[in-house]
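All remarks here apply to the structure that follows.
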Amino acid sequence: MLHFIRSNARWLAGGFLLSFFSSFGQTYFISLSAGEIRAEYGLTNGQWGGLYMMATLASAVTLLWVGRSVDAWRAGLVGAASLCGLAIACLMMGFGQGIVLLGVTVWLLRLFGQGMCIHVATTAIAKWFVAQRGRALSLTTIGIDCGAAILPLAFVFIMQAAGWRTAWFVAAAMALFVVAPLVGSLLRVDRAPRASDPVSTRPAVRDWTRGEALRDPLFYLLLAGVLIPPFVGTTIAFHQVYLTELRGWSLATFASGYPLFSGATVVSALLCGSLIDRFTALRILPVFLLPLIIGTVTLALGREEWTIFAWMACFGMALGTSGTLLGAVWPEVYGTAHLGAIRSVIVAATVFATAAGPGLTGMLIDQGYDYSMQMLAMALIAAIMMAILVPLSVRLRRRQAAEARAVA
């Protein structure tokens, strides 16, 4: 592992930084100032959730267009540009006045943060590595988790000391003046295959175009399973202020669970990466939703503060596994030549799911529907999807073997 990291340090570091600072556009980060935003603009939970949903949907549509840039341009250029866009959005959040500008700001935060930063990192790494793809993806995607461990606490500290708008100014300065130039430098050259790279023993997969993938019925079943973790996790993160108020917990206690979440995510991501390189992503696919189901049920039924940490641990395991797994499963199924275009649809759908969750639950909260019951309903949906993924994995592996024979 150490030799692998040393020999690929610049590409792994660039992907890690993109993943780490995608936090500025993640729901759990934006929602840390949700109370101040609602108070500043006079919004209810439902109104704030609705605005967030519409802005996130707009970012998903935009991503279908800009996401293909990873296939046409160098990853370093696209990554640095995404971080500059993210910095502009952070500045707008700090300076902004008015509902319309707030919506535009959230749109840009979601597009460049959760959308493009992660899209560039995972697509580039998946293209650059084959036999060690799982290991490389795990080392890249743990940046998301390290960001979740460090940045929320730092943001809350700055927000309490200097105000929520100042905290967003600090985020903008960091992204624009430090991270964007560094990522552009690290990824200025794409990684080329080396003679020392391990030979892949996986079946050869033909390269599907985006149009072919969208006409494949199995694509949508696989996509449905992929969307469960972001839907559930984003919904709970978005309403973390409401949940803490409902349970009588402190927001600081909830935020203090993020290091545990990140630790669980890092461990599970690294473990999943090793398992992918050994068994392939499709063989692991049927079980990756299990920790999410357990954690959601625990949080829905629990009333004590320890429930926060149980949720964080379980969700960390689910997110670490899914982040690595889902970066590897798409190239296994559809190849790498058009991976940027195909993943732009997947990331856009993921962003859509993260929009639908907060918006739908916000409206249900305003209508008086019990939030705990809503979380139990999410766990049930995840359990149903997990049952569907078992035969789907078998069918995809059979098709993969048939394609390999045809290529040979």
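3J(HN,Hα) along the stretch 225-232, derived from phi through the Karplus expression 6.51 cos²θ - 1.76 cosθ + 1.60 where θ = phi - 60°, amounts to x, 5, 7, 4, x, x, 5, 6 Hz, with x in place of Gly and Pro.
Volume of the convex hull of the chain (Cα atoms only), normalised per residue: 124 Å³. Ordering HIS239, ALA192, PHE254 by the projection of their Cα atoms onto the charge dipole of the chain, which places +1 on the Cβ of Lys and Arg and -1 on the Cβ of Asp and Glu, puts ALA192 at the extreme positive end.
Which whole-number percent of Cα pairs in the stretch 86-217 have a distance greater than 17 Å? Numbers along the way, then the final one.
Working: 6166 of 8646 pairs.
Beyond 17 Å sits 71 percent of the P(r) for the stretch 86-217.
On a full-extension model of 0.36 nm per residue, what is the gain between ALA377 and TYR220, subtracting their alpha-carbon distance, rounded to one decimal in nm?
Taking 0.36 nm per residue and subtracting the Cα distance, the gain is 54.4 nm.
Pick out which of GLY316, GLY302, GLY49 has the largest mean-square fluctuation in a Gaussian network model of the chain, springs linking Cα atoms closer than 10 Å. It is GLY302. For the chain, the solvent-accessible area of protein heavy atoms averages 38 Å² per residue (probe radius 1.4 Å; ligands and nucleic acids excluded).
How about the stretch 261-361: which trypsin sites (Lys or Arg not before Pro) there lie in a loop by DSSP and see at most 13 other Cβ atoms within 10 Å? Qualifying residues, ordered by number: ARG303.
Counting only protein heavy atoms and a 1.4 Å probe, tell me what percentage of the stretch 214-323's accessible area is made up of carbon and sulfur.
Details: 2860 of 4030 Å².
That fraction is 71 percent.
Please give the peptides 13-21, 169-177 ranked by average Cβ packing (other Cβ atoms within 10 Å per residue), highest first, as a rough proxy for protection. Write out the running numbers ahead of the final one.
Numbers: 13-21: 25.3, 169-177: 18.4.
By packing density, highest mean first, the sequence is 13-21, 169-177.
In plain terms, if you count all Cα to Cα distances in the stretch 352-408 and split them into 5 Å steps from zero, the share in each step is 4, 15, 14, 14, 12, 9, 9, 8, 6, 4, 3, 1 percent. With the simple model of a label 7 Å out from the Cα in the direction of the Cβ, ILE388 to HIS3 spans 4.4 nm. Size descriptors for the stretch 270-408: radius of gyration and Dmax over Cα atoms are 17.6, 60 Å.
Among 287-294, 185-192, sorting by the average number of other beta carbon atoms lying within 10 angstrom of each residue, highest first, gives 287-294, 185-192.
Using Cβ point charges alone (K and R +1, D and E -1), the dipole size of the chain about the Cα centre works out to roughly 1380 debye. With all protein chains in place and a 1.4 Å probe, the accessible surface of the stretch 20-178 carries 74 percent carbon and sulfur.
Taking 4 °C and 1.567 mPa s as the conditions, I'd like the Stokes-Einstein D for the stretch 153-192 in µm²/s, using the Kirkwood hydrodynamic radius from alpha carbon pairs.
Numbers: Rh = 11.6 Å.
D, rounded to a whole number, is 112 µm²/s.
Taking packing as the residue-averaged number of other Cβ atoms within 10 angstrom, the listed peptides 112-121, 86-95 run from highest to lowest as 112-121, 86-95.
Based on the reciprocal of the average 1/r between different C-alpha atoms, the Kirkwood radius for the stretch 19-101 equals 14.4 Å.
The values are calculated or read from the model by the stated rules, or taken from the named source; none is laboratory data. None of the values given here were measured: they were computed from a predicted structure. Positions of Cβ are generated from backbone atoms using ideal geometry, with glycine treated the same way; all protein chains shown enter the neighbour counts. Please note that ligands, DNA and RNA were not included when accessible areas were found on the heavy atoms of the full protein model with its side chains. Shrake-Rupley method; radii C 1.70, N 1.55, O 1.52, S 1.80 Å.
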